[in-house]
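So the structure is just underneath, and the comments pick up after that.
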Amino acid sequence: MKKGPIIIIDDDQDDCDLLRHIIDNIAPRSIYRFFANGQLALDYFLQTSEQPFVIFCDINMPVMSGLELSKRISENEYLRQKSIPFIFLTTSRNPGEIRKAYELTVQGYFQKPSTVNTFEELVKSILDYWDRCLHPNSIK
């Protein structure tokens, strides 16, 4: 797995704990940054020199939604240059939200699976993809 923290943005602590458990099974020495809403994550992105590996973000959160966070990242030159893969991982299947997410050029929109095994398979496939994918920050 490439270096860099895995960013998890979700206001549901149980979902955060489950996602961490799943990733620990797939990539045991992963580093995490957890945020309960988009504003906290945006503040971190603007202040850190870290190069996150991937963002897993919920849609519906208090203070700043995942859609608003994605929009703010795409509007900010500094954050856009980081080319951080942005993945929505949410319970929502709302067609309007899905359409809006892809208009914001996110790299994936997935509904949270109902079983742990299916959830683990999904997260593993996403992490494997981004681990193998070339993007601006993986080229030296």
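Observations on the structure shown:
- Sorted largest first, the principal axis extents computed over the alpha-carbon atoms of segment 1-49 equal 29, 25, 9 Å.
- The simple spin-label model puts a point 7 Å past each Cα toward its Cβ; for Asn25 and Thr118 those points are separated by 1.5 nm.
- Whole-percent carbon and sulfur share, accessible surface of segment 1-60, 1.4 Å: 47 percent
- Summarised in one figure, the compactness ratio Rg/Rh of the chain, Cα atoms and Kirkwood Rh, is 0.92.
- Judged by the ratio a/c of the largest to the smallest principal axis of the C-alpha gyration tensor, segment 86-140 counts as oblate, that ratio being 1.5 or greater while a/b is no larger than b/c.
- In the context of the full set of protein chains, segment 41-140 has a per residue accessible area of 55 Å² (1.4 Å probe).
- Sum of -39500 (n - 2.57) over DSSP H runs of 4+, divided by residues of the chain (222 nm, nearest 500): -14500 deg cm²/dmol
- Restricting attention to the chain, lysine pairs at least eight places apart or on different chains and with alpha-carbon atoms under 19 angstrom apart total 11.
The values are calculated or read from the model by the stated rules, or taken from the named source; none is laboratory data. Owing to the predicted nature of the structure, the values given are computational and were not obtained by experimental measurement. All Cβ positions, even for glycine, are placed from backbone atoms using ideal geometry, and neighbour counts span all protein chains on display. Note: areas computed on protein heavy atoms with side chains; ligands, DNA, RNA excluded. Shrake-Rupley method; radii C 1.70, N 1.55, O 1.52, S 1.80 Å.
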